[in-house]
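Colleague: Here's a structure for you.
The values are calculated or read from the model by the stated rules, or taken from the named source; none is laboratory data. Predicted model, so just to flag it, every value in this text is computed and none were measured. Methodologically, a virtual Cβ is constructed for each residue, glycine included, from the backbone with ideal geometry; neighbour enumeration extends over all protein chains shown. Surface accessibility is based on the protein's heavy atoms, side chains included, excluding ligands, DNA and RNA. Shrake-Rupley method; radii C 1.70, N 1.55, O 1.52, S 1.80 Å.
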Amino acid sequence: MDLTALARRLLEPIPANRTLGLRVLRAADGAAEVTAGPAPAFANVIGSLHSSGLVALLDAAGLAAVIAAARDEAEFDGVVPLGFAAQLRFLAPAKGKLVAGCALDEPAAELARTLFDGTTAKVRLATTAEITDESGTVVCTGEFRWSVRRNS
């Protein structure tokens with residue numbers, strides 16, 4: 001199911017994402033892509049995207065993939081995802097327009113489905129994403145661990 005519009009409504013207005021210029025490109029079938037850059041307000045001392053911007057991109061790509069695992073917008077109503085751990089690997093300077101992509105693996109997708117279908121009220125899952133620059137070079141990879149629950 002294509003939930004790009006929902007991911008845009010939830011992620012793009014977040015102040016840090018808005019400042020970064022983050023845009024959701026796609027969120028469908030448990031996979032997502034987000035983009036940002038260049039972002040002068042987030043530049044580090046060498047002129048590449050600061051690590052905080054890279055964290056925001058990986059966070060948004062992972063969360064958009066979780067959103068995209070739902071069958072429709074109604075399944076995501078009342079769902080509260082919170083990241084509780086992250087691990088990043090910085091591989092190259094992140095300059096220019098960047099794209100972060102994430103696709104849920106089958107165990108994460110199955111956990112998300114149990115939450116969305118009401119089988120359970122809380123799950124913990126991990127997302128892995130990578131960020132590429134305009135030339136296709138992978139500049140950063142990372143994993144986010146999420147606690148995802150449904151409000152009563």
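Colleague: Hey, any hits in the range 101-119 for a residue that's of a type in the set (S, T, N, Q) and under 14 Å from GLU33 (Cα atoms)?
Modeller: No; the residues of the range 101-119 include none that is of a type in the set (S, T, N, Q) and under 14 Å from GLU33 (Cα atoms).
Colleague: A follow-up question, please. Does ALA112 satisfy the condition of being touching a residue at least 40 places away in the same chain (Cβ under 8 Å), touching a helix residue (DSSP H, G or I) at 6+ places or on another chain (Cβ under 9 Å) and in a helix (DSSP H, G or I)?
Modeller: Criteria met by ALA112.
Colleague: Continuing with this model, one more query. Do any strands (runs of 3 or more DSSP E) entirely within the range 1-94 hold 3 or more residues that are open to solvent by 50 Å² or more (accessible area, probe 1.4 Å) and out of contact with any helix residue (DSSP H, G or I) (no Cβ under 6 Å at 6 or more places or on another chain), and if so, which?
Modeller: So the answer is 79-90.
Colleague: What do you reckon, is ALA5 within 14 Å of the chain's Cα centre (by Cα), modelled with pLDDT of 95 or more, closer than 21 Å to ALA112 by Cα and not aromatic (Phe, Trp, Tyr)?
Modeller: Answer is no for this residue.
Colleague: Restricting attention to the range 127-137, does a residue exist that is open to solvent by 20 Å² or more (accessible area, probe 1.4 Å), under 23 Å from MET1 (Cα atoms) and of a type in the set (D, E, K, R)?
Modeller: There is at least one residue in the range 127-137 that is open to solvent by 20 Å² or more (accessible area, probe 1.4 Å), under 23 Å from MET1 (Cα atoms) and of a type in the set (D, E, K, R).
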